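The next block holds one structure in the form of structure tokens; read it before the comments.
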Amino acid sequence: MSRILLITPPFLQLNNPYPAMPYLKGFLAARGFDVEHFDLSIETAREIYSSEFLKKVHEHALHRKIPEPFNGFYSGIDRYISTIDPVIEFLSGRNRTLAHRIVAGNFLPEGPRFSGGSEDSSFSPFDTTDRARYLATLYIEDISDAYRHLIDPEFGITRYRESTGVSAAEFADIEKALSGRQTEIEKTFISLLDKKLKAGKTELAVFTIPFPGNLFSALRCAQFIKEKYPDMAVAAGGGFVNTELREIGSTDFFSYMDYLLFDDGEYPLEKLIMFMNGKATEKELVNCIYCREGEVIRSEFRKSLVTEEIYSPDYSDTDPDRYISMFDTTNPMMRLWNDGYWNKLTLAHGCYWSGCTFCDTSLDYIGNFRQFSVEAIISKMKAAIESTCESGFHFTDEAAPPALLKKLALAILKERIICTWWTNIRFEEAYTPDLAKLLALSGCIALSGGVEAASPRILKLINKGVSVETIARSAYNLSAAGILVHGYLMYGYPTQTEEETVASLETVRQLFAYGCIDSGYWHRFTLTCHSEVYRNYSDYGITLHEKAGDFARNDIAFTDPAGIDHERFHNPLNMALSAYMEGEGLDRPVEKWFGKGYKAPSVKPDLIESAINTMPAESGSLFFIAAIPEFYYEKKRCYLTFRYNGEDYSIDTENKESNALKDFYEKYTLYSVAPIEKVIEDLSGFLVESYDNVKKSELYSFLREFSFYIV
């Protein structure tokens with residue numbers, strides 16, 4: 001087969017490539033296929049945020065009446081044209097000295113986004129670069145707002161025509177939009193695609209459609225391919241396809257796309273290529289939907305084959321310097337999504353719990369769990385670092401298993417890999433103070449997990465498998481280790497009462513007040529057709545309002561028997577959360593956020609404090625040497641000193657003890673691991689007189705704090 005072109009359509013986050021296509025390229029290239037990844041999303045972004053495109057916008061709107069507030073943009077277009085190229089270079093990590101001109105003022109034209117208030121309180125005098133990036137992001141957002149008004153009302157920085165793809169039950173509605181004229185932005189990405197297709201003979205074009213905001217652009221591209229390159233086959237997969245199009249019945253859709261591939265795309269795509277090459281029959285296609293003679297055909301659907309070969313990204317077509325880092329939120333966890341270049345890897349396929357009733361547990365990406373070996377993960381990390389020259393990793397797991405994270409952290413330290421990483425977890429008792437410190441030592445900077453409704457009754461209905469107290473303890477341990485902790489919060493779960501919503505906020509307030517979480521985000525409960533709640537909806541007393549159609553099906557409207565308008569809680573919950581993340585409003589009674597008529601919640605005022613003060617007994621089977629002290633001798637005493645978080649911590653010992661301890665550290669070197677019993681036995685030879693009394697020693701307690709982690 002000639003070249004296979006893997007295409008990421010506009011628009012997705014701009015700071016790094018979406019991982020689907022590097023994963024597929026790694027798999028196919030290892031199989032010997034001629035495959036290339038084309039990130040049309042970032043290439044389009046760089047094209048439209050350029051002086052040349054701004055000139056086009058100026059010409060397009062030349063004879064139009066420009067109302068407020070966009071007349072300022074139009075009248076000041078020359079300043080935008082002269083500054084856009086250096087600003088994009090700055091946001092791409094180059095031209096860094098431009099930061100000084102940006103923060104000094106009078107360099108960037110300031111539109112409506114700059115009138116939202118002063119940002120000075122968010123930055124110290126030393127934060128020149130971050131402050132400049134914040135101002136540059138406002139500038140880009142001003143330009144984007146002008147684009148929406150002047151040339152394309154459906155444009156978004158990280159999404160395109162999202163409303164077209166959201167709850168699109170009938171394909172006819174989308175096809176009507178596709179029959180319209182191309183906007184300037186659509187002309188831009190079609191031109192870029194055409195240039196790429198002309199550069200080499202492509203037999204199969206494959207699109208990833210992870211979100212509704214990528215559907216229309218992918219279809220617009222497919223429409224163009226069918227018109228200009230009619231012999232080229234077009235396929236698509238991704239998150240939107242997996243969750244929304246499993247029951248597609250529209251034959252018209254297949255005049256744009258020839259094949260839809262579901263779940264993990266590696267093996268279904270390989271089968272499709274083999275079929276196109278005449279090495280497999282049509283009946284051998286798997287996890288694929290297509291159309292033949294006016295009939296929608298579903299191939300055999302199988303559970304994804306999870307092997308070490310999948311999720312092995314190939315970044316050889318990726319230039320990190322092309323990507324743009326924005327500073328578009330003060331939420332510290334959300335900022336990670338758009339700030340900096342992150343290599344994407346996956347530690348485990350699916351979710352090891354796979355029990356939450358709101359989750360898509362019937363789908364392969366949740367219900368089909370298998371973790372990869374630490375050896376394979378380390379190998380992939382090394383390959384990514386070598387390929388991209390970047391050592392930041394976002395592990396895109398649904399919930400990374402704590403035992404695997406422990407093994408990974410030990411391996412990272414053993415291999416002396418200097419990296420920075422973050423991922424999603426479940427808050428469990430496994431995250432002890434020592435495991436938290438180990439993860440931080442290996443480079444973990446942030447972890448996010450589900451706090452959900454933070455209500456005992458709702459957590460039980462959700463089948464979360466953990467209590468509020470467990471969530472508090474694990475989050476506290478992680479936060480105390482210096483890891484940023486983000487909580488996914490939920491409201492509007494079926495049968496949730498007003499009182500429980502207020503009580504949830506009180507629990508969240510306490511989590512912030514006692515340093516358990518640093519960041520959070522409220523999500524309104526959404527009922528999907530792949531969840532346990534949907535499958536057993538009568539157990540919750542809800543009434544379904546399903547909408548028949550031939551295209552997308554995922555979100556299901558329903559009526560809650562509680563009869564509560566949960567949408568009215570959106571603003572109070574988010575205002576309180578914003579204040580808590582700034583360290584404000586923590587003394588304010590939570591019912592005050594909701595207005596008049598709400599009673600104080602019945603949550604115990606010391607719920608979280610009591611939880612974090614009742615830690616489980618020390619657990620773990622291994623001793624890990626996290627640090628080795630410096631030895632300073634003075635007469636007959638020796639001072640053992642550890643440097644931790646910029647501070648010195650010391651204890652004095654007799655020379656006899658210190659000499660024995662030196663011998664101990666020659667045997668147990670930095671980052672070494674040994675069974676607890678063996679280490680205690682060796683320590684008892686000089687630390688105290690008996691094995692049973694080792695842990696009662698003052699010196700042992702000191703070493704446990706800074707050197708000995710039990711994991």
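Structure data summary
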quantity: Residue satisfying condition, being among the hydroxyl-bearing types (S, T, Y), more than 25 Å from P601 (Cβ to Cβ) and either open to solvent by 40 Å² or more (accessible area, probe 1.4 Å) or modelled with pLDDT of 95 or more (or both), within set T470, T420; calculated: T420
quantity: Single condition Y649 does not satisfy, out of (1) over 23 Å from K406 (Cβ atoms); (2) surrounded by 15 or more Cβ atoms within 10 Å (Cβ to Cβ); (3) not acidic (D, E); calculated: (2)
quantity: Of all residues in the stretch 51-80 being of a type in the set (S, T, Y) and surrounded by fewer than 16 Cβ atoms within 10 Å (Cβ to Cβ), the one that is modelled with the lowest pLDDT; calculated: S75
quantity: Number of positions in the stretch 489-508 that are open to solvent by 40 Å² or more (accessible area, probe 1.4 Å) and over 19 Å from E567 (Cβ atoms); calculated: 0
quantity: Filter result for F369 (surrounded by fewer than 21 Cβ atoms within 10 Å (Cβ to Cβ), modelled with pLDDT of 95 or more and in contact with a Ser or Thr (Cβ under 8 Å, 6 or more places away or on another chain)); calculated: yes
quantity: Filtered residues of the stretch 379-410 (kept if part of a helix (DSSP H, G or I), of a type in the set (S, T, Y), touching a residue at least 60 places away in the same chain (Cβ under 8 Å) and open to solvent by 20 Å² or more (accessible area, probe 1.4 Å)); calculated: S387
quantity: Selected residue (criterion: least open to solvent (accessible area, probe 1.4 Å)) from residues of the stretch 258-292 that are over 23 Å from A29 (Cα atoms) and touching a residue at least 40 places away in the same chain (Cβ under 8 Å); calculated: I289
quantity: Filter result for P332 (farther than 30 Å from W522 by Cα, in contact (Cβ under 8 Å) with a residue 12 or more places away in the chain and not charged (D, E, K, R)); calculated: no
quantity: Given (1) open to solvent by 10 Å² or more (accessible area, probe 1.4 Å); (2) over 30 Å from G492 (Cα atoms); (3) not hydrophobic (A, V, I, L, M, F, W, C), number of the condition S442 does not satisfy; calculated: (1)
quantity: All helices (runs of 4 or more DSSP H) inside the stretch 1-113 with 2 or more residues being under 24 Å from G265 (Cα atoms) and among the hydrophobic types (A, V, I, L, M, F, W, C); calculated: 20-30, 40-48
quantity: Those residues of the stretch 390-428 which are within 24 Å of I471 (Cα to Cα) and charged (D, E, K, R), in sequence order; calculated: D397, E398, K406, K407, R426, E428
quantity: Near pairs, Cβ below 7 angstrom, 6+ apart or cross-chain, from the stretch 18-40 (among the small types (G, A, S)) to any residue that is surrounded by 19 or more Cβ atoms within 10 Å (Cβ to Cβ); calculated: A20/T208; A20/P210; A20/G238; G26/S312; G26/P313; G26/D314; A29/V35; A29/D314
quantity: Some residue of the stretch 90-106 being open to solvent by 40 Å² or more (accessible area, probe 1.4 Å) and of a type in the set (F, W, Y); calculated: no
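The values are calculated or read from the model by the stated rules, or taken from the named source; none is laboratory data. Just so it is clear, the model here is predicted, and its values are computed rather than measured. Cβ atoms come from the backbone with ideal geometry, glycine included; neighbour counts cover every protein chain shown. The protein model used for the area step is the full one, side chains on, heavy atoms only, and it has no ligands, DNA or RNA in it. Shrake-Rupley method; radii C 1.70, N 1.55, O 1.52, S 1.80 Å.
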